[in-house]
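Structure, as structure tokens:
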Amino acid sequence: MSGVIGPAERLADAGYRRGVLLVLLAGVLWSSMGIGVRYIEVANVWQILFIRSATLSVFLFCAMTVRARGVPWASIRGVGLAGVIGGASLVFAFSGGIYAIQATTVANAMFLFAAAPFFAALIGRAVLGERVRRATWFAMAVAGLGIAIMVWQGVEGGRLDGNVAAIISALGFAVFTVAVRWGQLGDMIPTVFLAGLFATMTGGTVCLIQGYGLDLPAGDFAVAAALGLFQVGAGLVVYTIGSKTVPAAEAALLSMTEVVFGPLWVWLVLGETATGATLIGGAVLMGALVANVLSGIRRKPPPPVI
């Protein structure tokens, strides 16, 4: 009967609102990466990667153990080859992201990270044969203009390496996204757990070969560990819970709070500002991304009225 809301509908509505809040919270947690890396005094990208990834792995293993009632191995084995590929690709995403923030402004890095969905669309088209909507092709062309503006600004400002690292990070996230779709992995946590293990081994190996010790200030240890625990780990857990009741396109839009708040934190706390080219290019890219997500939401038929 139209206009009557029953207990089931009220429960679903409450679950949706909670999901929205959790996805928003995930974006805020993810946005802390920039301010965290800025507070690290001595540690380089590989030392940060090692400490953050080790903490992340322990946290996610505990989370999986609790959720699986003490037997997390089945969910880890269940990711298969797709999970291994996705985990390995996140090593590039993690290390590229850390280096980008160390080498360029947080705003520049965050805006370039946001290009990951467009890279995922291209890779998904090439590897999985997924159809790319006409609106997405147009949005990617516009986003490419925004990326070009920021990269050119990086060339002129001597920060090209930071921009390249941010693009590598976005490509890593894109490959992870496609791998998850290919393997039809509904739960991302075991794959990110593998990524934490791979990144720990990668960071540790580079530190060992290059002679980078872990004789670091206690503050560097604490910040890097907090990034693994809260920025990546807790952010992923609350996003996973929230996205169960929020449509994927809406969740992608809501989690863009990461890109908004990331530059805001360093501006409020450290006074770090972005150049005009970064703001223009970032606005163009974000506008294309938002328009693409909204077009995906609008094209879905509304639910029937009972």
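Observations on the model:
- Some residue of region 167-177 being over 16 Å from Val106 (Cα atoms), in contact (Cβ under 8 Å) with a residue 40 or more places away in the chain, among the small types (Gly, Ala, Ser) and surrounded by fewer than 17 Cβ atoms within 10 Å (Cβ to Cβ): no
- Residues of region 18-55 satisfying the condition of being among the hydrophobic types (A, V, I, L, M, F, W, C), over 13 Å from the mean Cα position of the chain (by Cα) and within 11 Å of Val223 (Cα to Cα): Ile35, Val37, Ile40, Ala43, Ile48, Ile51
- Count - residues of region 15-35 that are small (Gly, Ala, Ser), open to solvent by less than 30 Å² (accessible area, probe 1.4 Å) and closer than 14 Å to Ala234 by Cβ: 3
- Only one of the listed residues (Gly242, Gly213) is over 20 Å from Leu90 (Cα atoms), surrounded by 20 or more Cβ atoms within 10 Å (Cβ to Cβ) and at pLDDT below 95. That residue is Gly242.
- Residue check for Gly87: at pLDDT 90 or above, on the phi > 0 side of the Ramachandran plot and surrounded by fewer than 24 Cβ atoms within 10 Å (Cβ to Cβ): no
- Pairs with Cβ under 9 Å, 6+ apart, first in region 39-62 and among the β-branched types (Val, Ile, Thr), second surrounded by 22 or more Cβ atoms within 10 Å (Cβ to Cβ) and not in a helix (DSSP H, G or I): Ile48/Ile40; Ile51/Ala43
- In region 4-21, the residues that are hydroxyl-bearing (Ser, Thr, Tyr) form Cβ pairs under 9 Å with partners that are at pLDDT 60 or above and assigned to a loop (DSSP other than H, G, I, E, B), at six or more places apart or across chains, as follows: Tyr16/Thr245; Tyr16/Val246.
- Of all residues in region 251-306 being among the charged types (D, E, K, R) and surrounded by 13 or more Cβ atoms within 10 Å (Cβ to Cβ), the one that is modelled with the highest pLDDT: Glu272
- Residues considered: Thr191, Thr200. Of these, the only one that is among the β-branched types (Val, Ile, Thr) and open to solvent by 20 Å² or more (accessible area, probe 1.4 Å) is Thr200.
- The number of residues in region 36-56 being among the hydroxyl-bearing types (Ser, Thr, Tyr) and crowded, with 22+ Cβ neighbours inside 10 Å comes to 2.
- Residues in region 203-248 that are under 15 Å from the mean Cα position of the chain (by Cα) and within 18 Å of Ser53 (Cβ to Cβ): Leu227, Gly228, Leu229, Phe230, Gln231, Val232, Gly233, Ala234, Gly235, Leu236, Val237.
- Only helices (runs of 4 or more DSSP H) whose full extent lies in region 101-202 are considered here, and the ones with at least 2 residues that are under 15 Å from the mean Cα position of the chain (by Cα), of a type outside the set (A, V, I, L, M) and modelled with pLDDT of 90 or more are 160-182.
The values are calculated or read from the model by the stated rules, or taken from the named source; none is laboratory data. The structure presented is a predicted model; accordingly, all values stated were derived computationally and were not measured. As a convention, Cβ positions derive from the backbone with ideal geometry for all residues, glycine included, and neighbour counts pool all protein chains shown. Calculation scope for accessible area: heavy atoms of the full protein, side chains included, ligands and nucleic acids excluded. Shrake-Rupley method; radii C 1.70, N 1.55, O 1.52, S 1.80 Å.
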